[in-house]
Amino acid sequence: MLYIELIRLWDEAVQAIDSRDWLGALTKLNQITEHNCRTMFVVASTHIALGQVDLAIKALDQAIAKDCCLAVGFFQRSAVHMMANRLEEALSDCIWAQKYMRENPVIDYKQLGLRFKLYSWQVLYNAAAIHSRLQQWDKARDILQAASQERGAGRSNLIDTALEAISRREVLEPILVPEGEVFRPRKQEVDQLKPRNFLGEAKVITSLIPNDDFRGFDPLRPQKPGYYEPKVVDGQDSRYMVMKSAYVAKGAGELTVPAGAEVFVYSDDDKDGLAVVIYDGKRGLVPNFLLEPMGKKNKGKFKRIELASGIPHPPALKPPNRPQFPSQRSLELQPSCACASHTSPPTTSNSTHVPTQQAQTSPQDSGSVVVKVHYTCTIALRVPLETPFRDLQEKIAQKLGQPVTNIRLRHRRHGTRVLTPLNGDDGLDSLEGVAESGRAQIWCQNEDPLANRTILYQMVALYDYNSQGPEDLEFSEGDTIDILSEVNEEWLEGHIAGKIGIFPRSFAHRDTESISGASTD
């Protein structure tokens with residue numbers, strides 16, 4: 001049986017007991033299939049009220065079986081045994097009730113749902129009542145005198161009256177739990193039986209629609225101006241229409257509405273050929289001849305064209321697939337150019353470097369130069385001025401803890417934002433052509449070598465570009481991008497930081513400097 005069903009039937013039975021509907025309460029209790037000790041006590045109390053003593057004893061037997069330490073159960077059953085003239089069983093229950101009170105003068109059952117306090121003197125009183133029925137008057141008097149020494153409310157008058165009755169050899173009536181006092185379910189559990197609205201009621205805080213009193217939940221209704229149809233007078237026609245052309249208000253009560261705007265028509269039966277409409281949360285008049293019904297024909301007719309300001313929109317064309325690389329055979333037929341940024345130099349005799357004319361340095365250089373290297377962090381090192389770029393590349397790679405083949409050195413020329421690779425193709429073999437006043441700035445990138453790919457030219461990123469797919473190339477503003485191929489008029493294939501992908505042409509700017517013919521091994 002579900003616990004919630006038990007609580008419901010239990011509460012309904014208690015409500016019937018409060019209204020003294022004992023049979024109705026018993027009907028509800030009989031519907032409970034899995035009782036606990038407290039509900040069985042309620043069943044016993046109902047049978048006692050109906051005068052069904054034997055059934056009350058059976059119900060109390062089951063209650064005590066479910067909780068063998070229930071002192072009030074033994075107390076109640078001792079009184080019912082006296083009513084059935086089962087004196088020995090009644091005296092035994094008094095002994096058990098006194099035992100489970102554990103020398104406490106009182107037990108308050110309020111926390112368990114029973115508004116009753118069981119006092120130890122009440123248990124002794126019932127024991128004296130049993131001895132009075134057994135004609136043991138001296139024993140009954142001694143027990144009553146012991147009960148008079150116990151603490152508890154209402155004992156003085158009752159025990160004094162009982163002593164007088166014993167002296168007159170009169171039988172005492174037992175004390176029971178008051179009629180109607182039964183175990184009740186917890187209030188918190190009963191409150192949970194009632195349906196509760198956890199979401200609450202929606203309330204309009206602000207709205208673009210005048211007098212908008214919509215309440216409820218309707219997630220399918222678009223939240224845009226003019227969608228909710230305001231209330232209109234019965235019999236009036238109301239609908240949405242589109243303005244054929246713009247209209248500027250010329251008098252009081254008229255509205256200024258742009259061409260193609262959707263308006264809600266209250267009524268088009270106004271005087272002077274004006275219709276009452278609502279637009280952008282305002283109500284006013286517009287000429288009736290400028291309105292036309294909404295439909296598929298004019299749905300996109302007056303679509304506004306917004307010009308991009310700042311960062312351009314991505315191209316309207318769908319991004320193409322990455323271009324197919326030429327075959328290895330065709331690559332062998334093309335003249336290859338060595339780039340020192342990716343692989344080690346060729347070992348042939350033609351790979352010797354031709355030293356350039358050394359630039360004049362200031363006296364403070366003393367034959368050395370301070371190189372500032374921009375990487376994920378910025379480092380500085382001092383090297384001789386005549387240091388070749390390949391030796392410098394090895395020193396920087398050792399300083400950064402990276403393989404030499406993955407280190408690419410670049411420098412920035414005057415008047416350009418392009419980072420030009422230091423590979424000897426532009427007549428520069430050492431720092432003498434890069435350093436100024438004993439200082440040089442070099443940009444370093446950690447990237448995998450480009451296998452047989454020719455760099456056509458370079459471009460500088462104007463804006464940040466976040467990749468929209470796995471084939472896109474992501475970069476940040478100011479990055480230098482190696483252009484490998486031109487996919488179409490709007491898309492380019494580029495390389496940066498060891499990654500190859502496509503990106504919109506409008507997101508980068510081509511500097512006047514070019515490195516046509518530069519490539520990697």
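The values are calculated or read from the model by the stated rules, or taken from the named source; none is laboratory data. Worth saying up front: this structure is predicted, and the values here are computed from it rather than measured. With ideal geometry, Cβ positions are generated from the backbone for all residues, glycine too; neighbour counts draw on all protein chains shown. Calculation scope for accessible area: heavy atoms of the full protein, side chains included, ligands and nucleic acids excluded. Shrake-Rupley method; radii C 1.70, N 1.55, O 1.52, S 1.80 Å.
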Subject >> Counted charge near residue 165, where neighbours are those whose Cβ lies closer than 12 Å (Asp, Glu -1; Lys, Arg +1) >> reply: -1
Subject >> Calculated P(r) tail over 18 Å for the stretch 60-136, as whole % of Cα pairs >> reply: 37 percent
**OP:** Whenever you get a sec, line up 102, 86, 184 from highest to lowest accessible area (probe 1.4 Å, protein heavy atoms).
**Re:** 102, 86, 184
**OP:** Using the Karplus curve 6.51 cos²θ - 1.76 cosθ + 1.60 with θ = phi - 60°, work out ³J(HN,Hα) for each residue of the stretch 499-510 in order, rounded to whole Hz, and write x for Gly and Pro.
**Re:** 10, 10, x, 9, 7, x, 5, 6, 8, 9, 10, 8
**OP:** For the stretch 1-159, go through all pairs of different Cα atoms, get the mean of 1/r, take its inverse, and jot down that Kirkwood value in Å.
**Re:** 16.5 Å
Original post:
Which stretch or stretches of the stretch 126-153 have amide N atoms under 16 Å from the point lying 7 Å from residue 173's Cα along the Cα→Cβ direction?
Top reply: 126, 129-130, 133
**OP:** Count the net charge of all other residues whose Cβ sits under 15 Å from the Cβ of residue 93, scoring Lys and Arg as +1 and Asp and Glu as -1.
**Re:** +1
Original post:
Excluding ligands and nucleic acids, what accessible area in Å² is computed for residue 386 using a 1.4 Å probe, to the nearest 10?
Top reply: 90 Å²
Original post:
Accessible surface of residue 390 in the full protein assembly, 1.4 angstrom probe, to the nearest 10 Å²?
Top reply: 50 Å²
Subject >> Area accessible to solvent at residue 55, 1.4 Å probe radius, in Å² >> reply: 80 Å²
Original post:
Can you put 377, 444 in order of accessible area, largest first, using a 1.4 Å probe?
Top reply: 377, 444
Subject >> R0 of 51 Å, Cβ-Cβ distance residue 382-residue 468: FRET efficiency to nearest 0.05 >> reply: 0.70
**OP:** On the protein heavy atoms, probe 1.4 angstrom, tell me the percent of accessible surface of the stretch 47-206 carried by carbon and sulfur.
**Re:** 48 percent
